[in-house]
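Engineer: Take a look at the following structure, please.
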Amino acid sequence: MIKVVAALIEKNGKYLIARRSTGDENVLGKWEFPGGKVKEEETEEHAIEREIKEEFEMNIKAINFITNNVCEYPNKTIDLRLYECKYLSGKFHLHDHSEYKFVDKDEIINFDLCPADIPLAKYIKDSKVLRR
């Protein structure tokens with residue numbers, strides 16, 4: 001099983017999703033909460049901060065773990081772990097994505113999401129803790 005972290009980044013009551021332009025054919029062209037694999041000997045918090053820096057050239061701070069989803073793809077199984085993150089600095093520069101959007105939490109589920117991200121989007125939509 002591959003441990004993967006994803007960032008939930010809020011701005012003005014909306015949440016960041018991005019469309020994959022590189023990687024596995026099962027996720028190519030689909031929308032996701034951005035993130036990536038956790039390296040050996042790396043904390044999940046450090047991994048999400050590193051991945052967002054690599055993918056978008058932005059600095060974030062992992063605040064807390066929200067939820068996870070174990071998803072079986074044809075060629076691998078991943079444990080996708082969603083973290084609430086705070087934006088610190090930087091401007092968007094896309095490397096592994098073709099576009100990004102900040103959307104209302106109720107709208108995320110309407111996008112063509114990566115299979116592993118769908119249960120996370122449903123959790124966020126139904127969450128009473130997160131802002132509307």
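Throughout, read-outs are computed from the coordinates displayed, never taken from laboratory work. Computed from a predicted model, the values in this text were never measured in an experiment. Methodologically, a virtual Cβ is constructed for each residue, glycine included, from the backbone with ideal geometry; neighbour enumeration extends over all protein chains shown.
Engineer: Quick one: order His95, His46 by neighbouring beta-carbon count within 10 Å, fewest to most.
Structural biologist: Lowest to highest Cβ neighbour count: His95, His46.
Engineer: Give a quick list of chymotrypsin sites (Phe, Trp or Tyr not before Pro) in the range 61-122 that DSSP marks as loop, anything other than H, G, I, E or B, with at most 15 other Cβ atoms within 10 Å.
Structural biologist: Counting only loop positions with at most 15 other Cβ atoms within 10 Å, the chymotrypsin sites (Phe, Trp or Tyr not before Pro) in the range 61-122 are Phe92.
Engineer: Can you pick out the pairs among Lys14/Lys39; Lys3/Lys61; Lys14/Lys76; Lys76/Lys122 whose Cα atoms lie more than 26 Å from each other?
Structural biologist: Lys14/Lys39; Lys14/Lys76
Engineer: Restricting to DSSP loop positions (anything but H, G, I, E, B) with no more than 12 other Cβ atoms inside 10 Å of their own Cβ, which GluC sites (Glu not before Pro) remain in the range 5-83?
Structural biologist: Glu25, Glu40, Glu41
Engineer: Another one. Read phi for every residue in the range 10-21 and hand back ³J(HN,Hα) as whole Hz from Karplus 6.51 cos²θ - 1.76 cosθ + 1.60, θ = phi - 60°, with x for Gly and Pro.
Structural biologist: Result, rounded to whole Hz: 9, 8, 6, x, 10, 10, 6, 10, 9, 9, 5, 10.
Engineer: Let me ask something additional. Taking a quarter of the surface of the convex hull around the Cα atoms of the range 2-126, what do you get in nm²?
Structural biologist: Averaging across all directions leaves 6.9 nm² for the Cα convex hull.
Engineer: The range 1-82: which trypsin sites (Lys or Arg not before Pro) are DSSP loop and have at most 14 other beta-carbon atoms within 10 angstrom?
Structural biologist: Lys39
Engineer: If you find the alpha carbon centre of the range 1-51 and of the range 89-106, how far apart are they in angstrom?
Structural biologist: 11
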